[in-house]
Each structure stands twice: as C-alpha cells, then as structure tokens.
1. State, to one decimal in nm, how far the label point of A:ARG455 lies from the label point of A:LEU79, with both points 7 Å from Cα in the Cβ direction.
2. Output the peptides B:384-391, A:229-236, A:299-306, B:55-62 sorted from most to least packed, where packing is the average of other Cβ atoms within 10 Å over each peptide's residues.
3. Going by C-beta contacts inside 10 Å, put B:TRP238, B:TRP216 in order with the fewest on the left.
4. Name the shape class, rounded, prolate or oblate, that the alpha-carbon gyration tensor gives for chain B, where a ≥ b ≥ c are the square roots of its eigenvalues, rounded holds for a/c under 1.5, and otherwise prolate holds if a/b is larger than b/c and oblate otherwise.
5. Relative to the longest principal axis of chain B, what angle (0 to 90°, nearest 10) does the C-alpha long axis of helix B:368-379 take?
6. What is the mean number of Cβ atoms from other protein chains located within 10 Å of the Cβ atom of each residue in peptide B:423-435, rounded to a whole number?
7. Just check the protein assembly as shown against the gyration tensor rule for me: Cα atoms, a ≥ b ≥ c as the square roots of the eigenvalues, rounded for a/c under 1.5, and otherwise prolate or oblate depending on whether a/b exceeds b/c.
8. If you put a point 7 Å past Cα along the Cβ direction, how far is that point for A:ASN250 from the same point in each other copy, in nm, smallest first?
Number of protein chains: 2
Amino acid sequence: MQPTISNTGEGMREGAEYLRGVYEGLGCDVAEIRETPGWPVVYGEYDAGAERTLIIYMMYDCMPADEPGWTVSPFEGELVHDHQIGDYPPFRTVLMARGAINSKGPLMAFLNTVSSIRGSGNEPPVNLILLAEGEEEQASRHLPWFLRRHRERLQEADAMFFPMGGQTVDGSVTICPGTKGIAYFEVECSGEHWGRGPRKFGIHGSNKVVVDSPVWRLVHALGTMTSPDGNTCLVDGWYENVTPPTEEENSILDELVESFDLSPIKQALHVDEFAYPEDDKRELLRRYYCEPSGLNIDGIYGGYTGEGSKTVLPHKATAKMDVRFVPDQTSEEFLPKLRAHLIRHGFPDIKVTQLTSGEWARTSVKSPLWQAIRQTYEGFNLEPLTVVRNIGYGPFSLFCHEPLNLHGGFAWGMLGHGTRAHSPNEYFVIEGNEKVHGLTDCEKGFATILYNYARS
Amino acid sequence: MQPTISNTGEGMREGAEYLRGVYEGLGCDVAEIRETPGWPVVYGEYDAGAERTLIIYMMYDCMPADEPGWTVSPFEGELVHDHQIGDYPPFRTVLMARGAINSKGPLMAFLNTVSSIRGSGNEPPVNLILLAEGEEEQASRHLPWFLRRHRERLQEADAMFFPMGGQTVDGSVTICPGTKGIAYFEVECSGEHWGRGPRKFGIHGSNKVVVDSPVWRLVHALGTMTSPDGNTCLVDGWYENVTPPTEEENSILDELVESFDLSPIKQALHVDEFAYPEDDKRELLRRYYCEPSGLNIDGIYGGYTGEGSKTVLPHKATAKMDVRFVPDQTSEEFLPKLRAHLIRHGFPDIKVTQLTSGEWARTSVKSPLWQAIRQTYEGFNLEPLTVVRNIGYGPFSLFCHEPLNLHGGFAWGMLGHGTRAHSPNEYFVIEGNEKVHGLTDCEKGFATILYNYARS
C-alpha cells in the first residue's frame, strides 16, 4: 500500500503519480496532476458522449498509522482470512491496511469498474470527471480553491458521486444525504505567552515548589470548557444556531427509531455504553445526527511522554480539539467563542489556532442520484436505511452548496464493507459472507449505480 | 559521550564496562560490574592504607535527550566557546552534552584526580570505595537492595562523598547538607477501566457526540487535585507530616535572607517571576527548602500528538506526576492519599501507579566532611553559602540514614560549574572565567577536599 500521508507529506507525490497513471490506463481524455497551494488534485476527464456528467470525488491521502494496536504492518497491508468483528459472521478475506476503507479500496474498486466496462467493449453510461484530492484528511483545505479555479468546467456536471459509505458490519446499507461540518483547534498554553512558569524549555521538576506550571494552567482552562462528564460544552453560544431538524429529517428520525440497530456501532467501536440513555432512542438518535459533538479532545500533550519517570516542569502543553457541527452553524463561529471563553475565565494568554474548517452539507434523498443508489441496493436485495446525515465530515458542501451548487447535489454509496478508519487494523472486505458483499459485487454495484443514474 | 539512558537501556552495558576499565586503570584492588535486579553498579575499591575510608557515590546513567532545543547533538557533545548565560560573564569553554553536569563531567574529574595523585607518586590520603550506580535517574530503585546486600563491607566507610554540586552560574558555592525526597506517579484514565467511552483503541472523533471521553475524564480528575493556579495540592493530608525547620535549619534560613541572590536561578531557568512574592523573601526561601513541591505534572499525553489535525476520540490518557517532599514525610504516604482523593471525587477507576520513591536526607553542616569542603572552598577564596537542602533528589538518605547509617553522613561539593540537567544544552565548564573555575581547578579541589578530610 503506497503511503500517502498528507499530514507529513510521506509518499504524496508518488501516490499522485501512480493514480494519474491509472487514469491514463482507463483511456481518459485528461489525466493530470493539477497543483494547488497544498497537495495536488489528480484530475481526469472521460468523455463517454453521454447525456449526463458525474464528478467522481475521491481522496488519495490517508491518516498516519501512529496509533498502537496494529497486528499487520499498516503500509504493507495484508490479506487476513476469517476476520471476525464482535459476534458477526467472519469475512472470508479482508485487506487490512491504513487507507484500506478510507479510502483507497473503494477508489480502486470504482476505477476498476470503469476499466471493466471499457474492457467489455462498452462506454460508461455517463461522462466522468475524476477528481481525487490529496487533502481530505486535512479537511480539504485547498479544495475550495481548486473548485473555484475550475468552476466553469466543473459546473457542467450534474451531480457529484463519492464511491464510499457502503455496508456496515452486519450488511446493512444507508442513504445518507448530508454530513456534519468540522472545526479543529490547537490550544496551547506556554510560559512564553503567559509570562509565568518556565519560558524557554522544560526545567527540573523540583522547581515546581516555587515555579508556576503551564500544564496545570492548561488543565484548569480545559476544565472550564465542559460539564464534569466532558459531554456538554460550556462555552457561551456553542449550541446557538443549531436549527431544528427539517420535516424530511424528522420523518427520517421517526423511521430510524423503528429500524436503527445501535449494537453494530457499539461492537465495532468497542463502546459498552453511550453517553446518553438508549431507552429514549429518538432523543439519542436526534443527538447523534442533529447535535454538534460538544468539544472533543483529539490529543493532549506536554512534557515527558516516554517510558519511566523523567522529572520535568514543562514550559508548555497543547490540546487538539474539534467540534462537529450541524445546520445552521458555520465553521467560523467557534473560534471567537472559544477565545472569548478563555478571556472571560482568566486565560487570555492561552493561544487557540483553528487548523481546519469544513461546512455541513445537506441534500434530499429524492434526488435522481440517491434514487439510483436506492434502486441499486434494492436490486441486490438490500433494504437501505435512510439516515439524517453522516456524523463525520466530507467536503460535500463544496459540491451541493458553494462554490459549485451542482443542481443534482451529491451522493455516496457502495456495496461492500470496511471500517476502523483512523484506528488500528483498518480493513476493506475482499471476500464477504452471507450478508456483506465482497470486492466483485462492490464493482458490480458501482456499474449498476452508473447505469441506473443514466437511465433515470 | 557514551549514551547511558537507564529509562531505555541505551548504552548502559557499554557505559558500565567503560567505567570499570577506568577503575582498573587507577590501580583499584577491586574493579567489578556488580549485578542488581536492575542496572548494575560499577564497584571499585582502592586501599591506600589510610585511616579513613570514603564511599565515593557516583552515577553513570543519564536522562534521555528527547526534549527540543538542543543546539548540539546531545550524545556527540561539543566544546562550545564563549558560552554566555543571561548577563553573566561568558565561560571560555564548556562541554555541551547530555550528562555533562549530571553527572559524567564531575565523575571523570574526580577519577582524574585520583589518577593524578597516583601519577605524582603518592597514594590517596583516604581509602576509596567507588560506587557508581546506573539507576540514579530512576530514583535509585535497586540501590537500597545493593547497599543492604553489601552492608557489612560498606559500613566500614566513615562517610559518603558525591563529587557534584559545585558553583552556580555566578561562581557562588553552597554547603547543602540534605535533599528532599521524591514520589513519582503515573495516573491513567482508560475506557477499559472506566467501562465508558472507547475500550480498546481511539475511535473516529465524530463519535464524541454520543460517546464519553477518557481524556476529558482525566482533565476533570486532575482539575480537582490543585488550586486553580496549580500551586497548592488539594489532596487531603498532602502537607501533613511536614515538620517545622530545625534550629540549625532556621538559622540557615535567617542567614540566607541576607545572602541568597534569587536572580541567578531565574536567569538560568528562564523564569521571570516565582509563584510566590519575592518581597517576603524568608517565606519564599522557607517554601523553597522546607515545603513539599505540591504536585508537579511532568508529562501528560493521550490521543494524537503529531502534526496537523487527526481526529480521534482517544481510549486513554496519562499524566506523569511527582511530589518532592520534606521531613518527616515518607515516600509511601502519598499514593494512598492520591487514590483516596480520586475515589472521593468519583474517579475510582483512574489508575495510579507509583513509579519511583526516594526518601529525604539530612546531615549536619558540622560534620568533618562538610568542614573539609568548607575549608577547601575558603582556600580558593570562595565564601560558601549554607542552604537547608537540595530541592532535587539524590539517594543520600540511604547512606546517612537506613540502611548504611554512616556515622560521618554524606556530603557533596565541587569547584566548577554546569547546569541544565534534564534540559536542552546541558553543559559543564571546562575553562571558566574570573568567578567560575574550570576543569583543572575542579580536580585540584577534589584533591584538596580529600587531604583536608584526611587531616581533620
């Protein structure tokens, strides 16, 4: 598996060049590495002479694999047989690797599909604009720039399709017509900014007896930001601009109360109990889909983090934090609130930087592309569950809202399964079981979606 | 510079073997690597046929050099010329390296001294037991074991001398007849122990909306442990068993108010302001020498600590913490108090482990060895400042209290200077300036201490 870690740059150029070669092999009219101020977009066009044009949005970057717990070498990858998750029937074969599901497996499956259609002497039923960005894991920081720069051509597309999503561990599929937005912060407390404690470097721990500690200061500052259970953000105005679910969303929630099984999520994540009671299932689901995520600590670090007992009074400490937000909040409203909170609580020196931003996206399940996906699932005897939105982030708002405003919106879907994105032992199913489709059906599914959409 | 990092094991065996070779070169009667359940002691005996016997306590291990800010390669080391600290006159030459002052520089200077005495056709004026441990930076975890095992022979010594301490950046020297004790803890909050949040690994950050966070739990638990400024430990009974200064200590404090200059400490540590007002200098000094250090956070970590913005809801978070304590506290009393505090505040699942322990030590400045050191300083026209105790830890209680109870206690001293132990750009002065002696005088000073002691 080619590493393509946008955070560190490892393998990015090689990965982009490899993908451009794949486009070329498909017979694309355009197969280019197009530069941005960050990592380039691998851009391709295939003119099939069809009526409709789809932008196929993809990503070629992935997360680092620094987290412990991998049982395979994450960038060599391995085919693992009889892989079982929780109590579910095992998968005959999975590809276990960083990026397997997020999202090199689905990307290659989609491109294989196009290759197969052409290999059997046919043309794809829709024209394709292949757009693979290298900064999805950096909240697509230069994708808006790229889309605005190429807006005229890109707006000739009818809709955007992301070959992703797919079946969960129990084989179920979803129609998921939106995403949450994200704002990601770095919060740093340092002696340098504070003017107290060690200014330049960590000093011998014994000095704590008369020297202030920036780590303690960060701990106490963070403590003011949430309720004691860590689940409600106490920053003023954090939940304002959250609007009630739409009529379509409310009816989706009503259906979900009947049909949505929480246990596959819990098993896959190894979470015994949610933060909110399951007996009020509608309220839990409403929170899950329609509330911002409070304030997550993605990482915290300061001082000595190695083995054993080095004593030091550190000169700074840092927390990485994020919020996943919902309509009608925007990615710009959180940073000023966080800063105001720190000032109000006596921590004006603590530095907050917003690292990444991305807006929520919302389309209707009634769009032709979503209908084509639904029809495809049903053709494979799968009854899709319609959900409100993805709780994660994808840069879909850029296609269905500003700057492209594609009239057909966006959709995503896939037969097949994988999970543990950002976690150890990420996998993508190659040969499934009775419920979960393998790679062959995944590719058949992509072809069917394209044909259903062209016909609709 | 041979790395000898006891925390990781890097270079420990090679370092021990090198030192044993040095002992052999001195003509020691015994020059052995003696095993312990941890890193070995490098043990030597030199029988000079003298009346008195000194244990020369040394350490051959050092800290890791993971901290940022080094301007030289910490284990290659470099001679740096015209090295200036704050506003003080520059040193003509320093050796900059990890372990330069803490404490390979002083160790080699002492052994060179013995070698020089013999090279000039004389015998050392005292018999020497050379005892270099490899676990000082692990709070001497197996030194008690070693001392008990060899107690009979070691108790034949009159006193223990540690070739260390020395001049501060402005050239002043101290008589420092004691140390504080240390207790070092690892505090871990995990989904596994808590039964809430992710149990096995960090999960996608978007799940925070309905999943509890062990990192937030650690933050809120830590928040209960100190006053908002991080300087007073709120754990019940943390300061009990602190006894008032002795009469000798009180008179030392009275003298220090007149003679002790705080600004060299502040400049060396890059600390602008202490946590307590300087206008009540006696109270500040009493705190510094006679109070436990509250509770220091040496390190904190959980989740993603790399570049950029990986989103994850971590399954655990850890803090490393220590307290430096004073008579009559003991290293065993803090762990149960910390555990009781966590239980009382609703965090019974948070795991606390004591990694290292060491007791305080107290001798009298009137002992023959301290008098010999005072006389040596005065002979070099230095007026030593007598302080209450070192605020750091050294395993000296093992020599002056249990298990050896040497009747002459322990002492330490040195001409020459170095600092930034555990910090970047640690150094040891090779050629000094008008106030600070270089390596040649450092060795002369050691010789003089030995002769003064033999004569006393």
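1. Each label point lies 7 Å from its Cα, and together they span 3.3 nm.
2. So the peptides B:384-391, A:229-236, A:299-306, B:55-62, ranked by packing, come out B:55-62, A:299-306, B:384-391, A:229-236.
3. Ranked by crowding around the Cβ, least crowded first: B:TRP238, B:TRP216.
4. On the way: a/c = 1.70, a/b = 1.60, b/c = 1.06.
It comes out prolate by the Cα gyration axes.
5. 70
6. Details: counts 8, 3, 1, 0, 0, 0, 0, 0, 0, 0, 0, 0, 0.
Mean partner shielding for this stretch: 1.
7. In terms of gyration-tensor shape, prolate.
8. Label point to label point, same position, other copies: 7.8 nm.
No lab work stands behind these numbers, since they all come straight from the coordinates. Predicted, not measured: the structure shown is a model, and the values here were computed from it. Cβ atoms come from the backbone with ideal geometry, glycine included; neighbour counts cover every protein chain shown.
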